[in-house]
Every structure is written in C-alpha cells, then in structure tokens.
Amino acid sequence: MFSAFWGVVAFFGVLIFASGGSAHSPRFDLAFTGAGIAFIVTLVIAAMLSMSYKDNAAHLGKGSGVNLSSAKRPSHGYGGPGPQTPPSTPRSADSSNPDGETP
C-alpha cells in the first residue's frame, strides 16, 4: 500500500505538471511512466529496509555492560593531561661540541 500511495501521488503530480498549463492536454503517458517508476523504487526501498532488519541477540541485553563506570581512567597520552615540564635530553660530556667528539 505504501508503494501504491506514492505511485498515485507521482501519477497526479506528473499529470498536472507535465502538461505545461491548462491550455495543453494532459500527458497520461508521462504520468503512467512516473507512477510506475515511483511504485517500483518505493517497493525496492521498502524491501531492502525490511531485509536489513535484524533483532539483537538475547545475550546483548543482559549483564553489566562495558565502561559503565564514570570513574576517571588513566590517560593513554592522547589529549589527556601530561607532564607539565618537557622531558630533558641527555647532554654529552662536552657541551660546547654537540657531536660529543673532541676537536
């Protein structure tokens, strides 16, 4: 019935708007074509939606779930508060030469 309703709506819509005004004769050929296309498209969409419906498994509605606690968890280093001081890099024995070699 859903597809038939949209087919009828498309039929009258195309019949009214495809004629180009009241001075011209109505275009029944285009109206039937539009109604058929609307009927088939809505029928296919409704069939695809009905085939894709699937109930959840019974075990998914039971148990305590995962991550239900609102307690603070430690950050993994992605956007969380990190150390306030930048890490220091080890310096070589001779700080005047960055390569650590003796001249």
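The values are calculated or read from the model by the stated rules, or taken from the named source; none is laboratory data. On a predicted model such as this, the values are computed, not experimentally measured, just so you know. Glycine also receives a Cβ, built like all others from the backbone with ideal geometry; neighbour counts cover every protein chain displayed.
Numbers at a glance
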read-out: The range 28-50 residues that are farther than 13 Å from F2 by Cβ, paired with ones that are of a type in the set (G, A, S) and modelled with pLDDT under 95 (beta carbon under 6 Å, 6 or more apart); value: L30/A18
read-out: Checklist (1) at pLDDT 90 or above; (2) loosely packed, with under 10 Cβ neighbours inside 10 Å applied to F28, failing item; value: (2)
